Amino acid sequence: QQHSYKKDKRFKLSTTLTSIKNRLSFFTLCVDMSLPTYIRRAGLVAGAGTVYIGAVYLGLQLYGVGCKHPDDHLTSTATTSGNKVKSYVFDPRRTATFQRIAHAYDDEIAKDEFVMGINLLRRALLYFHARGDVLEVGAGTGRNLGYYPGKSTVRKIVLTDSSDKMLLRAKDKLKCMSASERERYEIIEANAENLQLFGDNSFDTIVDTFGLCSFDDPVKVLKELQRVCRPDGKILLLEHGRSKSYEGLSGYLDKHAERHAKNWGCVWNRDIDKIVKEAGLNMEKLDTWHFGTTYYIISNDHSVKS
């Protein structure tokens, strides 16, 4: 009877452990882990989650404050003639703002992107999906330089932006590359809403990283990108916008949107889902990071232009 009791007890314990393993299956694929190991892993995951949440919060705080200017103590809206209120959210003045902050942009943004793992997302987006002839709009200071695959995968890369001062920074970075690597790059000052320099179906891959937040008409930009993208090409987007999963976080973005747009020329609370849908993009892949505020989008099949 005692032997039967022990056997039954072992059976119940085994059943309990199996249940725990099923519930925590995302921790490991190994089915022979002991309970203490699961507890330790749960602690690691909890700790990693805390660090992740802290990194997102810190990144938002740092990125939200932005560059320091003499008039930062003023409100981000100004009263003009006719008692109309100037809104930087509805008029980001991207080019003018980027002209002003170009000299310090990389220094200001580098720590934020490191904390939030943005560089890893940039690298993954381009390494796994960029092919053939590439057009990058809103290229700015060239923060994607160094992340593109080699010549056997990507033949040509055209970097465009409406701010010549930002592009000067990109040109400085190109000078640090070898001559053989540098020769596949071209830098052109151009407005992403009107890429008249390029004909229809000109590129295999179109790249925009953190540009939809600042273009005056992001829907128009996406339609223009579809025009110059080949039917079997891809449009790669890495963007930030409002979270659909965490209303409190979107509330934070809304609260500080004016200040952020004034400092950075960036409207960080735009509805990326809505913009992409209105532009008629066919999405192959959509992932979100940082509690739904960072969008990783792969768009394909541009045989039917919007």
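Laid out as a table, the results:
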read-out: From PHE98, PHE128, residue being surrounded by 18 or more Cβ atoms within 10 Å (Cβ to Cβ) and assigned to a helix (DSSP H, G or I); value: PHE98
read-out: Strands (runs of 3 or more DSSP E) within region 136-219 that include 2 or more residues among the charged types (D, E, K, R) and open to solvent by 30 Å² or more (accessible area, probe 1.4 Å); value: 154-161, 185-189
read-out: Members of region 285-306 that are modelled with pLDDT of 95 or more and surrounded by fewer than 16 Cβ atoms within 10 Å (Cβ to Cβ); value: LYS285, LEU286, ASP287
read-out: First in region 117-135 and of a type in the set (Asp, Glu), second anywhere and open to solvent by 10 Å² or more (accessible area, probe 1.4 Å) and not in a loop (DSSP other than H, G, I, E, B), Cβ under 6 Å, 6 or more apart; value: ASP133/ARG155; ASP133/LYS156; ASP133/ASP204
read-out: Count of region 101-125 residues which are under 15 Å from PHE210 (Cβ atoms), of a type in the set (Lys, Arg) and surrounded by fewer than 16 Cβ atoms within 10 Å (Cβ to Cβ); value: 1
read-out: Meets criteria (at pLDDT 95 or above, acidic (Asp, Glu) and in contact with a helix residue (DSSP H, G or I) (Cβ under 9 Å, 6 or more places away or on another chain)) for ASP208; value: yes
read-out: Tabulated pairs, region 160-188, first of a type in the set (Phe, Trp, Tyr), second open to solvent by less than 60 Å² (accessible area, probe 1.4 Å), C-beta under 7 angstrom, 6+ apart or interchain; value: TYR185/ILE157; TYR185/LEU159; TYR185/LEU174
read-out: Helices (runs of 4 or more DSSP H) contained entirely in region 227-283, each with at least 3 residues that are touching a residue at least 40 places away in the same chain (Cβ under 8 Å) and open to solvent by 10 Å² or more (accessible area, probe 1.4 Å); value: 257-264
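The values are calculated or read from the model by the stated rules, or taken from the named source; none is laboratory data. Computed from a predicted structure; not experimentally measured. Virtual Cβ from ideal backbone geometry, glycine too; neighbours counted across all protein chains shown. For the accessible areas, the whole protein counts, side chains as well, though only heavy atoms, and no ligand, DNA or RNA atoms are used. Shrake-Rupley method; radii C 1.70, N 1.55, O 1.52, S 1.80 Å.
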